[in-house]
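A.B. asks: Have a look at this one before I ask anything.
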């Protein structure tokens, strides 16, 4: 594939991904207790948020009647790739949550609403560097 000389007008990165979930409280606890993704912002009451943003790039949207199609359906988000400081610790922390392992490997987990999460071992210090970025400010 050949590219003509081009200078893009700007550069960009994905700051967050918005995900509809049936049980926002379960997902908030899972992403915090398993992966340490703390709150960045809440829309609605703290005890019953409509939306919840994490440090680390997730926006959880409370959608109680949501039914996701199977994860292999072309219309569904394929998976989230999540960098972790300690893969073994994250896998051990996820085990009691009843998430299902996927055929791709033991680091691939399927959450109750159908979302697949690939946990990836990060280089030492790189997660802290990424979290140090101040996205809005």
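The values are calculated or read from the model by the stated rules, or taken from the named source; none is laboratory data. Because the structure is predicted, anything quoted here is derived from the model rather than measured. FYI the Cβ positions are ideal-geometry reconstructions off the backbone, even for glycines, and counts take in every protein chain you see.
A.B. asks: Are any residues in region 67-120 at pLDDT below 90, farther than 22 Å from residue 15 by Cα and either surrounded by 14 or more Cβ atoms within 10 Å (Cβ to Cβ) or touching a strand residue (DSSP E or B) at 6+ places or on another chain (Cβ under 8 Å) (or both), and if so, which ones?
C.D. replies: Of everything in region 67-120, those that are at pLDDT below 90, farther than 22 Å from residue 15 by Cα and either surrounded by 14 or more Cβ atoms within 10 Å (Cβ to Cβ) or touching a strand residue (DSSP E or B) at 6+ places or on another chain (Cβ under 8 Å) (or both) turn out to be 68, 71, 112, 113, 114.
A.B. asks: Could you run through region 11-66 and say how many residues are assigned to a strand (DSSP E or B) and either at pLDDT 95 or above or over 19 Å from residue 98 (Cα atoms) (or both)?
C.D. replies: From region 11-66, those assigned to a strand (DSSP E or B) are 17-21, 39-43, 51-54, 58-62; that's our starting set.
Imposing the further condition that a residue be either at pLDDT 95 or above or over 19 Å from residue 98 (Cα atoms) (or both) reduces the set to 17-20, 39-43, 51-54, 58-62.
So the answer is 18.
A.B. asks: List, please: which pairs have Cβ atoms under 6 Å, are six or more places apart or on different chains, and start with a residue in region 1-18 that is surrounded by 10 or more Cβ atoms within 10 Å (Cβ to Cβ) and end with one that is at pLDDT below 85?
C.D. replies: 15/135
A.B. asks: Ok, one more. Those residues that are in contact (Cβ under 8 Å) with a residue 24 or more places away in the chain and closer than 18 Å to residue 81 by Cβ, I need them from region 103-112; list them, please.
C.D. replies: Step one: list which residues in region 103-112 are in contact (Cβ under 8 Å) with a residue 24 or more places away in the chain, which gives 108, 110-112.
Answer for region 103-112, where residues must be in contact (Cβ under 8 Å) with a residue 24 or more places away in the chain and closer than 18 Å to residue 81 by Cβ: 108, 110, 111.
A.B. asks: Every residue in region 21-43 that is surrounded by fewer than 18 Cβ atoms within 10 Å (Cβ to Cβ) and more than 23 Å from residue 134 (Cα to Cα), please.
C.D. replies: 22, 23, 25, 26, 29, listed by residue number.
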